[in-house]
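Comments concern the structure below.
The values are calculated or read from the model by the stated rules, or taken from the named source; none is laboratory data. Everything quoted here is computed from the prediction, not taken from an experiment. All Cβ positions, glycine included, derive from the backbone under ideal geometry; neighbour counts span all protein chains shown. Each accessible area value is taken on the protein alone, full model and side chains, heavy atoms only, with ligands, DNA and RNA left out. Shrake-Rupley method; radii C 1.70, N 1.55, O 1.52, S 1.80 Å.
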Amino acid sequence: MIKHAVYVAFPSQSDNIRKAVSKLKGIPLEDRSAIGPGWEIHHRLLGGLKLRLHLLTNINAVTPHLRQNPVDLLIYDERGDDAMPAETALEQIRKDVASFAELWGPDFLFPMSRAVAVLDDAKADAVKKTQAARAFQLGRVHVQDVCVAPRNTAVVLRWLHGLLTAADVKTPRVGVAMSGGGMEGFLYQLGVTYALERCISGRTIRDADVYSGVSSGSIASCLLAGNVPTIEVIKAMHGKSDVIEPFTSSTVFDLAGTGIISRLLRESFTWSGIDPTRWINQTLKAIPTGFFKGEALRKYIRHCIEVSGTEDKFSSIKPELYVGSTDMDTFEHVVFGREPWDNVPISEAIYASCALPLVFEPAQLNGRWFIDGQITKTCNLELVVERDCKLIFIIDPVKPLGTLVPGSVDKKGGYYALIQTIKALVYTRFHSVLSHLTERYPDTDFIVFQPDEEVAQMMAGSPMRYRIRTQVIHMAYKQTIRQLRERHKVYSAKLQKYKMKLASLEEIKDIERGDGAIFNSLE
């Protein structure tokens, strides 16, 4: 098994590190993209591990290294006359990582609980603190462990071996978590999923152990869990699938005419007098909670499930499938697929998860009323982590379109501003949850896909447009291929631990060059 570490030491200590690696007969790594020198180390004290170690002598080089290279452990060595105290250095690294995560997106998040420190006794005397107090202070910023003034290299190797193998599991589980985003969010997820299917072999995204979906993400996760071919779903969006019925606007937008008229008549008969206050209140009550009934969507989901050869129930799906929804009255987040909600038909659960107020009528199941699951949870990521998944693919289409031009949102009107505000709230909540889980579960690998600026620009308006814009699929596909290429070393190392193989850079470039033909044939 290969493990990746970065050793951060100031110049006065770097010569000692190089000499130690030389004695260990470290094999130099030929990597022109790396910022500092690297070696592969094999040693009996590391057990069966192969340790790929990179040395950095500039603390400002840490974040660029983390962006381009896999890192299972970050080691900071404060020994040396010119070195910062560990507390100062690791706090700076933490702030840098947080700042660049805002710029580069949540996929860049690096848990400080994967960081350790080599402490110097002399530094403790200099700052007049005991090593115990310093270790406690470092623990407050989630630093995993410390090693105080190790006597020799053997001590360090034993320490590293323990740290790198502590979280290893024999049967690592893989999960997929998908959030909502309306119709266009679903199209985005199709594009990302198809790109992942084309670029990952061996164990693929279709071989995950757990699938979780909220809102429109529940449809995409169900299709994956039910092994419905993504390319056939994409063809169905273009009306060209021989397996799945065409997916059209009427599949989603089937007007709830009877319900709307019944509500108007019911409330109109209670209007009395000319009291403006009573009239306004009754008028507001006459507004439907949903303009579309969603029966066509339920029927289409049942059709897709049956095409895959399974039944419309959670017990018929081999992997674990969970669908999140919101109780309309208590605003409790309810998860279909686990007790006591595992006996609900999948198609009904998915509609309940997608029932956005004012767009769709609430779902009525077992005497309770349900609306869109994204109101209370972004993508049920905590559930996937609790199900002991160590690699989690996150596909989250909800991202506001940021701009540096003052007043640009105001010019587009209140409806556009409302949509961007909702997206910002959902995005902020997701980022907060992911940051917390990344730090709390440092042995879990997250791979996140969100719209880049180009895709976010296309999806900036209403996510529930009546017209199905299939170009969103193509753009999401292209963005995902590009992201896999740009972070190839990081993703390749992560996937390898779970028996997944990412295509080589050359293969990805070939796929990238040929993607136009695939989508042009569908037009």
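Of all residues in the stretch 292-318, how many are surrounded by fewer than 17 Cβ atoms within 10 Å (Cβ to Cβ) and in contact with a strand residue (DSSP E or B) (Cβ under 8 Å, 6 or more places away or on another chain)?
Selection size over the stretch 292-318: 0.
Scan the stretch 212-233 and report the pairs whose first residue is on the phi > 0 side of the Ramachandran plot and touching a residue at least 40 places away in the same chain (Cβ under 8 Å) and whose second residue is hydroxyl-bearing (Ser, Thr, Tyr) and assigned to a helix (DSSP H, G or I), with Cβ atoms within less than 6 Å and a gap of 6+ or a chain change.
Ser215/Ser353
What number goes with the only condition from (1) of a type in the set (Val, Ile, Thr); (2) under 30 Å from Gln144 (Cα atoms); (3) in contact with a helix residue (DSSP H, G or I) (Cβ under 7 Å, 6 or more places away or on another chain) that Val384 does not pass?
For Val384, the exception is condition (3).
Hey, can you tell me all the residues within the stretch 22-43 that are in contact with a helix residue (DSSP H, G or I) (Cβ under 9 Å, 6 or more places away or on another chain) and either assigned to a helix (DSSP H, G or I) or open to solvent by less than 10 Å² (accessible area, probe 1.4 Å) (or both)?
Those that are in contact with a helix residue (DSSP H, G or I) (Cβ under 9 Å, 6 or more places away or on another chain) and either assigned to a helix (DSSP H, G or I) or open to solvent by less than 10 Å² (accessible area, probe 1.4 Å) (or both): Lys23, Ile41.
Just checking, which of Tyr427, Tyr441, Tyr415, Tyr477 is aromatic (Phe, Trp, Tyr) and in contact with a Phe, Trp or Tyr (Cβ under 6 Å, 6 or more places away or on another chain)?
Result of the check over Tyr427, Tyr441, Tyr415, Tyr477: Tyr477.
What do you reckon, is Asp510 charged (D, E, K, R) and either over 26 Å from Gly185 (Cα atoms) or part of a loop (DSSP other than H, G, I, E, B) (or both)?
It is true that Asp510 is charged (D, E, K, R) and either over 26 Å from Gly185 (Cα atoms) or part of a loop (DSSP other than H, G, I, E, B) (or both).
Check Ser435 against each of (1) surrounded by fewer than 18 Cβ atoms within 10 Å (Cβ to Cβ); (2) outside any helix (DSSP H, G or I); (3) touching a residue at least 60 places away in the same chain (Cβ under 8 Å) and name the one condition it does not meet.
Of (1) surrounded by fewer than 18 Cβ atoms within 10 Å (Cβ to Cβ); (2) outside any helix (DSSP H, G or I); (3) touching a residue at least 60 places away in the same chain (Cβ under 8 Å), only one is false for Ser435: (2).
Tell me yes or no: at least one residue of the stretch 397-410 is within 16 Å of Ala220 (Cβ to Cβ), open to solvent by less than 50 Å² (accessible area, probe 1.4 Å) and part of a strand (DSSP E or B).
Scanning the stretch 397-410, I find no residue that is within 16 Å of Ala220 (Cβ to Cβ), open to solvent by less than 50 Å² (accessible area, probe 1.4 Å) and part of a strand (DSSP E or B), so the answer is no.
Name the residue that is modelled with the lowest pLDDT, counting only residues in the stretch 313-338 that are of a type in the set (A, V, I, L, M, F, W, C) and in contact with a Cys (Cβ under 9 Å, 6 or more places away or on another chain).
Ranking the candidates gives Ile317 first.
Quick one: which residue in Gln420, Gln450 is open to solvent by 10 Å² or more (accessible area, probe 1.4 Å), in contact with a Pro (Cβ under 6 Å, 6 or more places away or on another chain) and either over 16 Å from Thr326 (Cα atoms) or in contact (Cβ under 8 Å) with a residue 12 or more places away in the chain (or both)?
Gln420
If you scan the stretch 334-380, which residues turn out to be within 24 Å of Ser308 (Cα to Cα), of a type in the set (S, T, N, Q) and touching a Lys or Arg at 6+ places or on another chain (Cβ under 8 Å)?
Asn343, Ser347
Looking at (1) more than 25 Å from Ser492 (Cα to Cα); (2) assigned to a helix (DSSP H, G or I); (3) not acidic (Asp, Glu), can you tell me which one Met84 breaks?
(2)
If you take the residues of the stretch 461-471 that are of a type outside the set (Lys, Arg) and more than 18 Å from Gly217 (Cα to Cα), which of them is modelled with the lowest pLDDT?
Filtering first and then ranking leaves Tyr466.
Give the residues of the stretch 227-245 that are assigned to a loop (DSSP other than H, G, I, E, B) and either among the hydroxyl-bearing types (Ser, Thr, Tyr) or open to solvent by less than 10 Å² (accessible area, probe 1.4 Å) (or both), sorted by residue number.
Correct list: Val228, Ser241, Ile244.
For the stretch 30-50, what are the residues that are farther than 18 Å from Asn152 by Cα and at pLDDT 90 or above?
Matches in the stretch 30-50: Pro37, Gly38, Trp39, Glu40, Lys50.
Could you figure out which of (1) of a type outside the set (Gly, Ala, Ser); (2) more than 15 Å from the chain's Cα centre (by Cα); (3) not in a loop (DSSP other than H, G, I, E, B) isn't true of Ile392?
Just one mismatch for Ile392, condition (2).
Identify the single condition in (1) assigned to a loop (DSSP other than H, G, I, E, B); (2) open to solvent by 30 Å² or more (accessible area, probe 1.4 Å) that Val71 does not satisfy, given that it satisfies every other one.
Failed condition: (2).
Picking from Arg158, Arg134, Arg198, which residue would you name as being touching a residue at least 12 places away in the same chain (Cβ under 8 Å), open to solvent by less than 10 Å² (accessible area, probe 1.4 Å) and of a type in the set (Lys, Arg)?
Exactly one residue qualifies, and that residue is Arg134.
Of all residues in the stretch 246-257, count the ones that are outside any helix (DSSP H, G or I), touching a residue at least 60 places away in the same chain (Cβ under 8 Å) and under 28 Å from Val335 (Cβ atoms).
Within the stretch 246-257, residues that are outside any helix (DSSP H, G or I), touching a residue at least 60 places away in the same chain (Cβ under 8 Å) and under 28 Å from Val335 (Cβ atoms) number 3.
Could you tell me whether the stretch 7-20 includes any residue that is within 30 Å of the chain's Cα centre (by Cα) and of a type outside the set (Asp, Glu)?
yes
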